[in-house]
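Novice: I have a structure here, written as structure tokens, and I will follow up with some questions on it.
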Amino acid sequence: MSKLKENSNLELKNGARIAVLGGGPAGSFFSIFALKLAKQIGKDIDLTIFEQKSFLNEGPSSCNMCAGVVSESLVQLLAIEGIILKPPILQRAIDTYNFQTISGDVLLNSPSLQRGIATVYRGGGPVNKSASETNGDDTHKKISFDDFLIDCAKKEGAKVVNIRIDKIELNNDKPEIFSKGEKLFDADLVVGGCGINATTAKMFEGLGIGYTHPSVIKAFQSEIHLGKTNVLTRFGNAIHIFLINQPDVKFAAITPKGSYVTVSMLGKDITKQSVVDFLSNPLVKNKFPDSWSTPDAFCRCVPKINVGAARHPFADRIVMIGDASSARLYKDGIGSAYMTAKAAANTAILYGISDTDFHKHYYPTCKAINRDNFFGSLMFAVTDTVNKTPIIRESLLRLLRNEQKHPESGYKCSTVLWDMFTGNERYTDIFVRAIDPRLLLTFLINIFSIIFIRFKTIWRQ
Ligand SMILES: Cc1cc2nc3c(=O)[nH]c(=O)nc-3n(C[C@H](O)[C@H](O)[C@H](O)COP(=O)(O)OP(=O)(O)OC[C@H]3O[C@@H](n4cnc5c(N)ncnc54)[C@H](O)[C@@H]3O)c2cc1C
């Protein structure tokens with residue numbers, strides 16, 4: 001398939017040149033792990049990250065456009081690697097989830113639930129952010145998570161070049177990379193950490209290596225300024241999930257940061273007007289100060305989200321990672337970037353860089369994510385149905401509230417929801433816990449109780 005010479009014995013020799021396309025989480029994680037591992041086994045590699053953005057400026061053009069929630073499990077994995085998230089990179093530590101439905105809300109917060117989820121900005125913060133407000137004393141410090149990871153990669157020895165790679169050719173033994181018509185070098189290995197928001201993944205498709213980029217849907221992301229005190233008093237350390245049946249909106253969440261809240265919406269054809277409608281919904285408006293009204297202009301972007309795995313994300317001397325390969329459905333994309341980057345780095349440094357090596361040692365990680373997403377899609381379909389069916393929705397709320405009131409009976413349903421929305425656990429494990437017969441029986445009892453209460457109310461009228 002590839003125009004490169006087929007070779008199952010390709011490996012990185014001393015002095016090998018690696019081109020990492022993209023300095024998002026996947027590209028930086030790959031660089032950190034590859035350089036660390038190479039050092040440990042005494043191999044000398046020359047690794048360059050090519051990143052077209054500067055993450056230091058404000059607004060979408062300097063940002064990798066996401067809600068910026070780093071799951072508890074990833075916060076811990078990063079700490080083990082010596083990558084510690086603290087202010088000014090860390091915007092807020094989350095310890096609570098608030099589920100808001102049209103039948104009421106429930107706070108999931110208990111000592112047995114996981115804590116330590118981090119919220120971050122991927123770029124330099126919202127456009128036109130008020131310097132005095134966003135970070136207080138940290139105003140002049142760098143706040144970008146992506147820039148922080150690139151710095152970690154630099155500390156391991158990565159070179160970083162701030163340009164766009166616009167062409168790759170496979171005419172010789174090695175892939176050649178180009179920018180603005182100039183050939184930069186022949187790479188021993190090209191790593192595609194380019195995400196799905198640029199056209200770069202399509203460039204890899206055009207190489208004829210059998211790679212097909214992942215299927216995507218559009219999301220809408222807005223940064224709404226509220227002021228530090230309002231964010232704290234109105235949203236606290238809780239991510240608010242809204243299941244309010246707004247037409248064409250599949251999912252809406254508000255994540256508190258410094259003096260802004262990030263509004264993330266998924267669905268068909270979401271526009272600025274959908275965000276305005278969402279913010280005007282009484283259940284949402286209620287969370288904002290009385291005197292507050294939706295501003296005419298706010299920082300917003302329309303990023304894509306990976307909802308289906310790439311096909312054949314590797315070839316001789318090429319490996320695709322992060323969003324350009326496989327990502328967990330709707331959750332923990334940064335965690336998926338970590339997993340795929342680590343598996344690709346291990347393969348490249350310890351086993352080899354041929355199609356066969358990546359198939360044998362890297363692809364199982366992608367396949368595990370893809371298989372797990374099958375259970376994820378089942379779980380989200382069930383949540384959707386629950387949310388659209390009033391009796392079942394009320395039963396769920398009743399069950400969750402009971403669990404919160406009586407922790408001694410265990411947090412079975414609470415932890416299922418918590419893990420699903422935080423991305424802390426594999427969907428497969430959550431699914432197995434969700435079909436626990438005792439939990440299903442309790443749920444059924446709650447459904448019958450709600451039907452009985454409704455019947456009694458009608459009977460009395
Ligand atoms: C609305 C929304 C909310 C999300 N919320 C979360 C969340 O809260 N938590 C979470 O974990 N995940 C979240 N995600 C998913 C997360 O954003 C991605 O999974 C993650 O960013 C993937 O990392 P990546 O490095 O693979 O790609 P990206 O972050 O997209 O990085 C790719 C990088 O490559 C660079 N690049 C591309 N092409 C070139 C080129 N030709 N030359 C040079 N540079 C290039 C880009 O500039 C970019 O910096 C969200 C996604 C969306 C859409």
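The values are calculated or read from the model by the stated rules, or taken from the named source; none is laboratory data. Everything quoted here is computed from the prediction, not taken from an experiment. So basically every Cβ, Gly included, is an ideal-geometry build from the backbone, and we count neighbours across all protein chains shown.
Novice: Between 424, 402, which is of a type outside the set (Phe, Trp, Tyr), under 20 Å from residue 243 (Cβ atoms) and surrounded by fewer than 18 Cβ atoms within 10 Å (Cβ to Cβ)? Spell out the reasoning first.
Specialist: Numbers: 424 fails: surrounded by fewer than 18 Cβ atoms within 10 Å (Cβ to Cβ).
Going through 424, 402 in turn, the sole match is 402.
Novice: Here's something else I'd like to know. Considering only residues of region 324-339 that are near the ligand (Cβ under 8 Å from one of its atoms) and assigned to a helix (DSSP H, G or I), which is surrounded by the fewest Cβ atoms within 10 Å (Cβ to Cβ)?
Specialist: Taking the candidates together, the pick is 335.
Novice: Next question. Of the numbered conditions (1) modelled with pLDDT under 95; (2) of a type outside the set (Val, Ile, Thr); (3) within 10 Å of the ligand (Cβ to nearest atom); (4) touching a helix residue (DSSP H, G or I) at 6+ places or on another chain (Cβ under 9 Å), residue 195 fails exactly one; give the number of that condition.
Specialist: All conditions are met except number (1).
Novice: For region 251-260, what are the residues that are of a type in the set (A, V, I, L, M) and surrounded by fewer than 22 Cβ atoms within 10 Å (Cβ to Cβ)?
Specialist: Result: 253, single match.
Novice: Could you tell me which residue of region 173-190 is nearest to residue 13 (Cα to Cα), considering only residues that are more than 11 Å from the ligand (Cβ to nearest atom) and without any contact (Cβ under 8 Å) to a residue 24 or more places away in the chain?
Specialist: By that ranking, first place goes to 176.
Novice: Output the residue which, of all residues in region 275-323 that are acidic (Asp, Glu) and modelled with pLDDT of 95 or more, is farthest from the ligand (Cβ to nearest atom).
Specialist: 316
Novice: Within region 34-41, is there a residue that is assigned to a strand (DSSP E or B) and within 16 Å of the ligand (Cβ to nearest atom)?
Specialist: No - not one qualifying residue is present in region 34-41.
Novice: From 364, 390, which residue is farther than 28 Å from residue 75 by Cβ and surrounded by fewer than 16 Cβ atoms within 10 Å (Cβ to Cβ)?
Specialist: Of the residues listed, the single one that is farther than 28 Å from residue 75 by Cβ and surrounded by fewer than 16 Cβ atoms within 10 Å (Cβ to Cβ) is 390.
Novice: Just to check your reading of the model, which residue among 27, 59 is within 27 Å of residue 266 (Cβ to Cβ) and modelled with pLDDT of 95 or more?
Specialist: After applying the criteria, what remains is 27.
Novice: For region 199-212, enumerate the residues that are surrounded by fewer than 17 Cβ atoms within 10 Å (Cβ to Cβ) and either within 14 Å of the ligand (Cβ to nearest atom) or more than 27 Å from the chain's Cα centre (by Cα) (or both).
Specialist: If the condition is that a residue be surrounded by fewer than 17 Cβ atoms within 10 Å (Cβ to Cβ) and either within 14 Å of the ligand (Cβ to nearest atom) or more than 27 Å from the chain's Cα centre (by Cα) (or both), then 199, 202, 205, 206, 208 are the ones that fit.
Novice: With the requirement that a residue be in contact (Cβ under 8 Å) with a residue 12 or more places away in the chain, within 20 Å of residue 229 (Cα to Cα) and surrounded by fewer than 18 Cβ atoms within 10 Å (Cβ to Cβ), what does region 288-303 give you?
Specialist: Selection gives 289, 292, 294, 295.
Novice: If you don't mind, another one. Only one of 217, 168 is farther than 30 Å from residue 119 by Cα, assigned to a strand (DSSP E or B) and within 13 Å of the ligand (Cβ to nearest atom). Can you tell me which? Full working, then the answer.
Specialist: Values: 217 fails: farther than 30 Å from residue 119 by Cα.
Just one listed residue meets the conditions, 168.
Per-residue answers, yes or no, for (1) touching a Phe, Trp or Tyr at 6+ places or on another chain (Cβ under 8 Å); (2) more than 12 Å from the ligand (Cβ to nearest atom); (3) touching a residue at least 12 places away in the same chain (Cβ under 8 Å); (4) of a type in the set (Val, Ile, Thr):
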{"site": "67", "(1), (2), (3), (4)": "no, no, yes, no"}
{"site": "71", "(1), (2), (3), (4)": "no, no, yes, no"}
{"site": "79", "(1), (2), (3), (4)": "no, yes, no, no"}
{"site": "82", "(1), (2), (3), (4)": "no, yes, no, no"}
{"site": "86", "(1), (2), (3), (4)": "no, yes, no, no"}
{"site": "98", "(1), (2), (3), (4)": "no, yes, yes, no"}
{"site": "104", "(1), (2), (3), (4)": "no, yes, yes, no"}
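Novice: Which pairs have Cβ atoms under 9 Å, sit 6 or more apart or on different chains, and link a residue in region 397-423 that is farther than 15 Å from residue 440 by Cα to one that is aromatic (Phe, Trp, Tyr) and modelled with pLDDT under 85?
Specialist: Close Cβ pairs satisfying both conditions: 404/411; 418/411.
Novice: May I pose another question? Could you list, in sequence order, all residues of region 221-249 that are surrounded by fewer than 15 Cβ atoms within 10 Å (Cβ to Cβ) and in a loop (DSSP other than H, G, I, E, B)?
Specialist: Let us first name the residues in region 221-249 that are surrounded by fewer than 15 Cβ atoms within 10 Å (Cβ to Cβ), namely 229, 233, 245, 247-248.
Scanning region 221-249 gives 245, 247, 248.
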